[in-house]
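Single-structure report; data block below.
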Amino acid sequence: MAEQAILEVQAISKEFSGVRVLNSINLPIHRGEILGLIGENGAGKSTLIKIINGIYTPTEGSLTLNGEEVQIRDAHSAKSLGIAMVPQEFNLVDSLNVFENIFLGSEPRRKNGLLDKAKMRARSKELLDRLETDISVEAKISTLSVAEKQMVEVSKAMIHDAKILIFDEPTTTLTQHEINILFDLMNRLRDDGVTMIFVSHKLKEVKTLCDRVAVLRDGDLVDVSTIDEIDEQMMAQKMVGRELTAIFPDKADPESDEVVLSVKDLSVDGKLDSVSLNLKKGEILGLAGLVGAGRTELAEAVMGLRRKQSGRVSIYGKEIAINNPRTAIDNKLGYISEDRQGRGIHTDFDLLANTTLISLKDYQNVLLDKKKIRETTEKYVDLFNTKTSSLKKELQYLSGGNQQKVYLSKWMDTNPEILILDEPTRGIDINAKSEIYQFINGLTDQGFSLIVISSELEEIIGLCTRVYVLREGKIAGELAGDHINEEEIMFYATGVKVMEQI
Amino acid sequence: MIFNKTGTLENTGTKFNWRDYTTLIGFIALFLIATIMGWPYFLRSRNLITLLRQISYTGIIALGMTLIIISGGFDLSVGSMTAFAGGVAIFAMNTFGPDSGFGVLAAILTAIVFATFLGAFNGFLITKWKIAPFIATLGTMSIYRSLVIYFAQAGNIESVNQRYGRIGSGVFLGLPIPVWMFFAIAAVLHVFLNHTRTGRYLCAVGANEQVARFSAIKVNLIRFIPYVITGFTVGVSAMLWSSRLNSMNPSDCAGYELDAIAAVVIGGTPMTGGRGSIIGTVIGAIMLGIINNMLVLAGVSSYLQQAAKGVVIIVAVLLQYKK
């Protein structure tokens, strides 16, 4: 393999409204290699590839293609420079057929202005032949398998004779068999001289497929190694490996062994496969795993927000059929969703209406008791130290941290005893984070039992006394005590280690 | 506090925000213009009472429509529904023979119960079969209209009961009975919207259905309720209208849906749902009446009245949403 850079990322930085998500990245990409790009959620992987693909413009730095500096203004200009991306979510129109999709947005025209379908068909056939597939150019997208759709996406990316192909987590929706087909294809493209960037969470796949691996962490490029120098364990260590800050309160193991919530063999169509877990009284239990591992689906199924295929949920030892959230609430369960603005709070309602929405029954005699609503809302504003100029302020004018406090208030007012917190500090500043951690920890002293779902490993490590790691809809491992560290969690989350329940 | 910016909350701030009062300001302005242009006839109580009577039929329906729109829905079928329920009511009354007191009672109950049922049917299509409200009620608009025409054999459905006519043309304490009904239902629904749990749930579902679902609100039930309430208001309106004429023509009440929606929009309830005001709708309906009245007094061709109405709707929306 020639050690010559086809594309050079030079001192690229990117800020979003003042927040730096990429910090002076220097990364030469060699001609004809497959470069693995790994990192935790939020490490900056997608930002980097979106800059290369022209979707974002960098705040600082430049890109050099074949030794010449280039400005890539949008995905279209990237394509004409020979850079294309195969997106994680397919952008195909189901009702059109293969060749129409391949040329979608760059259709060749005849002199009279009409579409040159003959040329589209011929060129599509050529592209698909090169990929050694036998998909018909006339087939409707809706009739294709997931792997075939991906082939069409790759063809679509290649119409301008792409020299650099970016694959954004291409294997997440594929079966093992389909993954093999994709890897064969990528190997053939490499033999053809195409350069590829492979973004993945699956370290094993990176190890098998790639020539080099670049590791991003918190917006910094922390490591670039050739594949022989690095194994999956080292990759996982490099992805995490950061100091824990002192914003977490001291952890305490639960005093009792009483199981308050137990889930047995819970399956959800396509998302969860026979998951069992139990939560002890006064415990803070962590649910770790990569995005898409099934953590949120687990919480939603337990809360009766999602259909269970099978499985039993018991609360305080009593099996309860929870088919709607009201039953869950009546049985002392509460769930703070990760999607605060989409599922949690009404941003155009004020604090009064939000705080008492779930528990509104307690405020109605014949009419709503607005005085009592006000008193309750005031109580929670004091308890959480929520910053607002008025109880009648619409939540859209509050900061993320204060919105989250109102969201917590809304659930606290249902008098829960078991709370599931899904990404409880997503998108909020460090002070509010610390306050929420203190609050969560304080709840256990009052006899609450909590499940914390988080993609931020330090949050799991800082708060939880026991952790389940989910991977692809299954419990991949259970950790406790000193075993709760970033490496261990990552090993299970990425599939380096499997099932070793304690 | 007259004016609720949102159905659920009292006025949001201490600062005066004129946008919260656009409907009221528009109403006052329009009233002054009408007073000047229509001097002295406009201000005469006879004229004002006639005006109120004219708007009360669609106004009553607009009250129910306000709740539907707040909950994120829509109803095109109310005009057809009014004709259908009114026709069936007269038919039911006639089976009791001429001038029967029971017949009058039967007409009132039939109009209201039957229309409530038709409204519930709309709600069923929308919440159970998940048909988009616009499409579902476009369908039932056609169905209800067609059924009443078939039922009447394309002719008038005449009442044989002279006593029935006294409701619609009756006057109590100086105001026509339809106007009393309009204000009474408005008062009840205002309290329902702002001071009950279901009223608040309507706003919650209309503002963000997912958040409502995650807040353990029975979203389908809440979306269903306003269609039933609208059925009820349509029933009242059908009863008043058929009584006023003491007959029902199957082609009557066409376009009621547009007048009702116009009143809601002029009253400051956004089509996107999540908030709204019953009092606003009352004012909106009266404003539509003033415009009509003004044009009539000014001798403007009745063909142009719809154009004037259209302009007012667009201006109202511009004032409310332009930021």
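Residue by residue, here is whether (1) in contact (Cβ under 8 Å) with a residue 24 or more places away in the chain; (2) of a type outside the set (D, E, K, R); (3) assigned to a helix (DSSP H, G or I) holds:
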{"site": "A:A122", "(1), (2), (3)": "no, yes, yes"}
{"site": "A:I135", "(1), (2), (3)": "yes, yes, no"}
{"site": "A:K149", "(1), (2), (3)": "yes, no, yes"}
{"site": "A:K156", "(1), (2), (3)": "yes, no, yes"}
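There is no residue in segment A:285-292 that is within 14 Å of another protein chain (Cβ to nearest Cβ) and over 14 Å from A:E423 (Cβ atoms).
Every residue, every condition in (1) crowded, with 21+ Cβ neighbours inside 10 Å; (2) touching a strand residue (DSSP E or B) at 6+ places or on another chain (Cβ under 6 Å); (3) closer than 24 Å to B:E257 by Cα; (4) not hydrophobic (A, V, I, L, M, F, W, C), yes or no:
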| site | (1), (2), (3), (4) |
| --- | --- |
| B:L43 | no, no, no, no |
| B:A85 | yes, no, yes, no |
| B:G97 | no, no, no, yes |
| B:S100 | no, no, no, yes |
| B:V113 | no, no, yes, no |
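In segment B:240-289, the qualifying residues are those that are aliphatic (A, V, I, L, M) and not in a helix (DSSP H, G or I), and the one that is surrounded by the most Cβ atoms within 10 Å (Cβ to Cβ) is B:M248. Among the residues of segment A:124-170, those identified as at pLDDT below 90 and loosely packed, with under 15 Cβ neighbours inside 10 Å are A:E126, A:D129, A:E132, A:D134, A:S142, A:T143, A:S145, A:V146, A:D161. Of the residues in segment A:410-421, not one is more than 14 Å from chain B (Cβ to nearest Cβ) and out of contact with any strand residue (DSSP E or B) (no Cβ under 9 Å at 6 or more places or on another chain). Among the residues of segment A:195-203, is any touching a residue at least 12 places away in the same chain (Cβ under 8 Å) and either of a type in the set (D, E, K, R) or in a helix (DSSP H, G or I) (or both)? Scanning segment A:195-203, I find at least one residue that is touching a residue at least 12 places away in the same chain (Cβ under 8 Å) and either of a type in the set (D, E, K, R) or in a helix (DSSP H, G or I) (or both), so the answer is yes.
Out of everything in segment A:449-460 that is at pLDDT 90 or above and under 21 Å from A:R426 (Cβ atoms), what residue ends up being farthest from the chain's Cα centre (by Cα)? It comes out as A:L450. When you scan segment B:18-25, do you find a residue that is at pLDDT 85 or above and within 14 Å of chain A (Cβ to nearest Cβ), even just one? There is no residue in segment B:18-25 that is at pLDDT 85 or above and within 14 Å of chain A (Cβ to nearest Cβ). Summed over segment B:195-213, residues that are crowded, with 23+ Cβ neighbours inside 10 Å and either at the interface with chain A (Cβ under 8 Å from one of its Cβ atoms) or more than 22 Å from the chain's Cα centre (by Cα) (or both) total 8. Taken together, the residues in segment A:177-221 that are over 21 Å from the mean Cα position of the chain (by Cα) and either on the phi > 0 side of the Ramachandran plot or open to solvent by 10 Å² or more (accessible area, probe 1.4 Å) (or both) amount to 16. Any chance segment A:24-35 includes a residue that's open to solvent by 70 Å² or more (accessible area, probe 1.4 Å), part of a helix (DSSP H, G or I) and either under 30 Å from A:E486 (Cα atoms) or at pLDDT below 90 (or both)? Within segment A:24-35, not a single residue is open to solvent by 70 Å² or more (accessible area, probe 1.4 Å), part of a helix (DSSP H, G or I) and either under 30 Å from A:E486 (Cα atoms) or at pLDDT below 90 (or both).
Could you grab the pairs with beta carbons closer than 6 Å, sequence gap of 6+ or different chains, first residue in segment A:475-493 and outside any strand (DSSP E or B), second one surrounded by fewer than 18 Cβ atoms within 10 Å (Cβ to Cβ)? Here the result reads A:E487/A:Q237, each pair linking segment A:475-493 to a residue that is surrounded by fewer than 18 Cβ atoms within 10 Å (Cβ to Cβ).
Selection within segment A:359-369: residues that are charged (D, E, K, R) and surrounded by 14 or more Cβ atoms within 10 Å (Cβ to Cβ). The member of this set that is farthest from A:N331 (Cα to Cα) is A:D369. Answer with yes or no whether A:I329 is of a type outside the set (K, R), facing chain B (nearest Cβ under 10 Å) and in contact with a Pro (Cβ under 7 Å, 6 or more places away or on another chain). No; evaluated as a whole, the condition is false for this residue.
Restricting segment A:349-380 to residues that are acidic (D, E) and more than 16 Å from A:N402 (Cα to Cα) leaves a set whose member that is farthest from the other protein chains (Cβ to nearest Cβ) is A:E375. Considering segment A:227-346, the qualifying strands (runs of 3 or more DSSP E), each wholly inside and each with 1 or more residues that are open to solvent by 10 Å² or more (accessible area, probe 1.4 Å) and farther than 22 Å from A:T465 by Cβ, run over A:259-268, A:272-280, A:310-315. Return yes when A:A288 is of a type in the set (G, A, S), at pLDDT 95 or above and within 23 Å of A:P254 (Cβ to Cβ) and no when it is not. Spelling it out, it is not the case that A:A288 is of a type in the set (G, A, S), at pLDDT 95 or above and within 23 Å of A:P254 (Cβ to Cβ).
The values are calculated or read from the model by the stated rules, or taken from the named source; none is laboratory data. Bear in mind that the values here come from a model prediction, so they are computed numbers and not experimental data. Here Cβ is always computed from backbone atoms with ideal geometry, including for glycine, and neighbour counts include all displayed protein chains. Heads up: the accessible areas ignore ligands, DNA and RNA and are worked out on the full protein's heavy atoms, side chains in. Shrake-Rupley method; radii C 1.70, N 1.55, O 1.52, S 1.80 Å.
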